[in-house]
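A short write-up of the structure that comes next.
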Amino acid sequence: MLWDILLDTALDAVKLLPFLFLAYLAIEWIEDRAEEKTVAIIRSHASWGPVIGAGLGVIPQCGFSAAVSNLYAGGLITRGTLLAVFLSTSDEMLPILISGGAPTAFILKILTFKCAAGMLVGLLTDALSRSRARNRTLHELCEREDCHCEDGIFRSALKHTLKIFAFLFAVTFVMNLAVELLGAERLGSFILNRPVAGELLAGLIGLIPNCAASVVLTSLYLQGGISAGAMVSGLLVGSGVGLLVLLRMDRDRKDDLITLGILYGSGVLLGMAAGFLKLF
């Protein structure tokens, strides 16, 4: 069992490498070549961030939420854009639905709902808080991570990538082991036939920074183990390893808690609404 978990963990982590490297490469290039001008351009178009983020997040791509977390930690994007990506990202949901024989119309409806939820929450978050990308320089992030930028942007980006890769590998292994020991059925029993409480508990499962959360929630729904509202709540809150990367790279714990609270609260409320209105 340990060998299988180790192999699964390695495969999950390796999938993230291209996204992490490209994100760090972009950050390093901006910091090294044109930080002030590039950051000014990005921030001048910040109002469109949640719309673009939600649209890209809904496309099945492992690691996008992790890359966006790095951009937020570097002060390049707003909290609304980050939340839009977190809420819209589908992680392992789509392949599970397809392999489970879910109707195409049903799949499109869920993807559309997640995308719309991301846009709505992201735009509201930025509008209500007048959120801007935080007044933080990429140089501060680079110094904190001790990346030795004088070695060149490629080598520095690679060092960043390997450091976060090792961290993700260790945490993901523990998460996979815990899910294996607990079992999907036991997780499902906590939220079976429990209105309101079901959405709340499913949202907590969605917070698990691992693709196993979306696999468990989607599989349980297809098996009739949980309600549509509970599944939607968990899948909205679930952001893959993006949340894990955010906690690792962003040391402002108060800011992290605010982001986490909005993510969980909005995901659960929208899941309840979807269940109450019988949208799925």
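Beta carbons closer than 6 Å, at least 6 apart along the sequence or on distinct chains, pair a first residue in the range 84-111 that is of a type in the set (D, E, K, R) with a second that is part of a helix (DSSP H, G or I) for 91/211; 91/214; 92/211; 92/214; 92/215. Scanning the range 49-77 for residues that are under 15 Å from residue 19 (Cβ atoms) and assigned to a helix (DSSP H, G or I) yields a total of 13. At least 1 residues being modelled with pLDDT of 75 or more, in contact with a Ser or Thr (Cβ under 8 Å, 6 or more places away or on another chain) and on the phi < 0 side of the Ramachandran plot is the threshold, and among the helices (runs of 4 or more DSSP H) wholly inside the range 175-236 those reaching it are 197-206, 211-222. Of all residues in the range 242-263, exactly one satisfies the criterion of being at pLDDT below 85, part of a helix (DSSP H, G or I), farther than 26 Å from residue 231 by Cβ and not basic (Lys, Arg), namely 249.
A single entry from 266, 239 fulfils the requirement of being within 26 Å of residue 108 (Cβ to Cβ) and at pLDDT 95 or above: 266.
A count restricted to the range 78-106 and to residues that are assigned to a helix (DSSP H, G or I) and among the small types (Gly, Ala, Ser) stands at 5.
Residues that are among the aliphatic types (A, V, I, L, M), touching a Lys or Arg at 6+ places or on another chain (Cβ under 9 Å), touching a residue at least 40 places away in the same chain (Cβ under 8 Å) and surrounded by fewer than 21 Cβ atoms within 10 Å (Cβ to Cβ): does the range 257-265 have at least one? The answer is yes, given that some residue of the range 257-265 is among the aliphatic types (A, V, I, L, M), touching a Lys or Arg at 6+ places or on another chain (Cβ under 9 Å), touching a residue at least 40 places away in the same chain (Cβ under 8 Å) and surrounded by fewer than 21 Cβ atoms within 10 Å (Cβ to Cβ).
Filtering the range 32-86 to residues that are surrounded by fewer than 19 Cβ atoms within 10 Å (Cβ to Cβ) and at pLDDT 70 or above leaves 46, 47, 48, 51, 52, 55, 56, 59. Contact map, the range 194-209: residues that are of a type in the set (Asp, Glu) paired with residues that are assigned to a helix (DSSP H, G or I) and crowded, with 20+ Cβ neighbours inside 10 Å, Cβ distance under 6 Å, separation 6+ or inter-chain. Pairs shown: 199/229; 199/230; 199/233; 199/268; 199/271; 199/272.
The values are calculated or read from the model by the stated rules, or taken from the named source; none is laboratory data. Computed from a predicted structure; not experimentally measured. FYI the Cβ positions are ideal-geometry reconstructions off the backbone, even for glycines, and counts take in every protein chain you see.
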